[in-house]
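Colleague: Quick one: this structure, given as structure tokens, is what I'll be asking you about.
The values are calculated or read from the model by the stated rules, or taken from the named source; none is laboratory data. None of these values were measured; they are calculated from a predicted model. All Cβ positions, even for glycine, are placed from backbone atoms using ideal geometry, and neighbour counts span all protein chains on display. Protein only, heavy atoms only, side chains kept; ligands, DNA and RNA dropped before computing areas. Shrake-Rupley method; radii C 1.70, N 1.55, O 1.52, S 1.80 Å.
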Amino acid sequence: MLALSLALMSLAGAPLIGLPFDAKRAVELRKEWADGQPEEFTNSLGMKLLLIPGGRFEMGPNGSKWRVTLTKAFHLGQTEVTMGQYRAFRAKHAVPGCDDEFNGDDRPVAFVSWNDAVAFCKWLSDQPKEKAAGRVYSLPTEAQWEWAARAGTTTTRHFGDNDKGQDKYSWFNSTYTPNPKHETKGRGRQPVAKLQPNAWGLHDMLGNVWEWCADRRRDDETGEEREPIMRGGSWRSGAFHCTSIAHDPGTAGTRADNIGFRVACRIVPKKGEGGD
């Protein structure tokens with residue numbers, strides 16, 4: 001069996017590397033995988049998205065892992081979608097029951113279902129400036145999300161295997177006391193990008209809000225259906241749920257004050273610029 005650390009080549013000719021690698025190598029990989037794409041860009045809503053190279057890794061928790069290869073790079077939001085950005089889509093959106101501060105524009109959007117998040121991505125893709133740039137938005141797949149959250153690491157968190165120092169990287173229920181019914185008295189979603197990022201430069205991959213992933217499957221032949229899941233934990237979670245491997249099941253219509261999302265993006269080349 002080939003070790004996951006064996007460097008292979010992507011479809012674009014960039015090194016297809018396995019885990020682990022350090023922050024310096026993450027920066028190098030981004031440059032190597034750019035291949036004419038921007039290493040980062042800011043879109044028409046003011047969202048900053050970062051290029052995430054492909055790679056190979058074992059996904060999931062110990063005892064339940066599977067091998068994944070990502071042969072294409074993708075862009076991912078540096079932060080979770082904020083209330084202010086989501087209100088460009090639904091102007092009156094608010095999280096019910098919370099203190100006013102938690103409906104501020106700089107808080108991650110919450111009380112959005114998987115269906116809501118998918119609709120937002122379609123709406124954003126259809127905006128004139130995004131269409132002109134060839135940018136197509138979606139939720140990240142579960143594999144894309146975990147690869148981005150791991151940021152070169154094989155540990156349960158991108159900063160280690162335990163919760164020591166976790167409050168430097170994620171918003172979670174650090175007091176392990178009962179959560180309030182609604183966000184109040186400082187307990188709830190916090191402004192994005194206030195804590196340290198991971199090696200890719202991504203903020204709040206762990207904690208603040210659970211993040212929807214794109215995967216939702218239906219097999220008509222067998223009749224099997226799989227509902228979407230959320231990753232990363234939230235402000236209501238203990239540290240043990242705010243990891244690169246934790247996940248929580250949902251339905252496409254589930255909403256809560258600790259469920260949000262971030263966007264992924266692929267850039268479709270115009271004809272004559274590398275397209276078919």
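Colleague: Leaving ligands, DNA and RNA out of it, report the carbon-plus-sulfur percent of the accessible area of the chain at a 1.4 Å probe.
Modeller: It is 51 percent, rounded to a whole number.
Colleague: Lys pairs in the stretch 131-276, Cα-Cα under 19 Å, at least 8 apart or on separate chains: how many?
Modeller: Total qualifying Lys-Lys pairs in the stretch 131-276 comes to 5.
Colleague: With labels modelled as points extended 7 Å from the Cα through the Cβ direction, what inter-label distance (nm, one decimal) is found for Glu39 paired with His93?
Modeller: 3.1 nm
Colleague: Using Cα positions and a limit of under 13 Å, work out the aspartates and glutamates in reach of Lys122, with same-chain residues fewer than 8 apart set aside.
Modeller: Excluding near neighbours in sequence, the set is Glu130.
Colleague: In nm, to one decimal, how far is the modelled label at Lys270 from the one at Asp220, with both set 7 Å along Cα→Cβ?
Modeller: For Lys270 paired with Asp220, the spin-label model returns 3.7 nm.
Colleague: To continue, here is another question. Could you pull out which residues in the stretch 90-118 have an amide N less than 17 Å from a spot 7 Å beyond the Cα of Ala252, following the Cα-Cβ vector?
Modeller: Under 17 Å, as judged by backbone N against the label point of Ala252, lie 112-118 of the stretch 90-118.
Colleague: If you stretched the chain out fully between Asp126 and Lys72, how much longer would it get, using 0.36 nm times the residue separation minus the C-alpha to C-alpha distance? Intermediate values should be presented prior to the final figure.
Modeller: Values: separation 54, 0.36 × 54 = 19.44 nm, distance 2.29 nm.
That pair, Asp126 and Lys72, stretches by 17.1 nm at full extension.
Colleague: Please enumerate, by chain and number, the aspartates and glutamates with C-alpha under 13 Å from the C-alpha of Lys24, excluding those fewer than 8 residues away in the same chain.
Modeller: Counting by Cα, and skipping residues close in sequence, Lys24 has these aspartates and glutamates nearby: Glu32.
Colleague: Over the chain, what is the relative contact order in percent, taking alpha-carbon pairs closer than 8 angstrom and at least six residues apart?
Modeller: Numbers: 581 pairs, mean separation 59.4, N = 276.
Computed over the chain, the figure is 22 percent.
Colleague: Right, here's the next one. With a probe of 1.4 Å, find how much accessible area the chain has per residue, and write the answer as a whole number in Å².
Modeller: Per residue, the chain has an accessible area of 48 Å².
Colleague: Right, next: Per-residue ellipticity at 222 nm for the chain, helices alone: DSSP H runs ≥ 4 residues times -39500 (n - 2.57), over residue total, nearest 500 deg cm²/dmol?
Modeller: Values: 5 runs with 42 residues, N = 276.
Taking each H run of at least 4 residues, the total per residue is -4000 deg cm²/dmol.
Colleague: Could you state the number of Å between the C-alpha centres of the stretch 67-132 and the stretch 142-200?
Modeller: 19 Å
Colleague: Let me ask another. Note the full-extension length gain between Thr154 and Asp100 as 0.36 nm times their separation in residues minus their Cα-Cα distance, in nm to one decimal.
Modeller: 15.5 nm is the gain from fully extending Thr154 to Asp100.
Colleague: Continuing with the same structure: Compute for the chain: radius of gyration divided by Kirkwood radius, i.e. Rg/Rh, restricted to C-alpha atoms, rounded to two decimals. Display every interim value, and only then the final one.
Modeller: On the way: Rg = 18.4 Å, Rh = 19.2 Å.
Reported Rg/Rh, Kirkwood definition of Rh: 0.96.
Colleague: Evaluate Rg over Rh across the stretch 155-217, taking Cα atoms for both radii and Kirkwood's formula for Rh.
Modeller: With Rg and the Kirkwood Rh in hand, the quotient comes to 0.99.
Colleague: Apply the a/c threshold of 1.5 to the C-alpha gyration tensor of the stretch 48-198 and tell me whether it is rounded, prolate or oblate.
Modeller: Oblate.
Colleague: Now, a different point. Using Cα positions and a limit of under 12 Å, work out the aspartates and glutamates in reach of Lys48, with same-chain residues fewer than 8 apart set aside.
Modeller: Cα-Cα hits under 12 Å: Glu39, Glu40, Glu80.
Colleague: Further, regarding this structure: Take the Cα atoms of the stretch 197-263, find their three principal axes, and give me the spread along each one in whole Å, biggest first.
Modeller: The Cα atoms of the stretch 197-263 stretch 43, 25, 21 Å along their principal axes.
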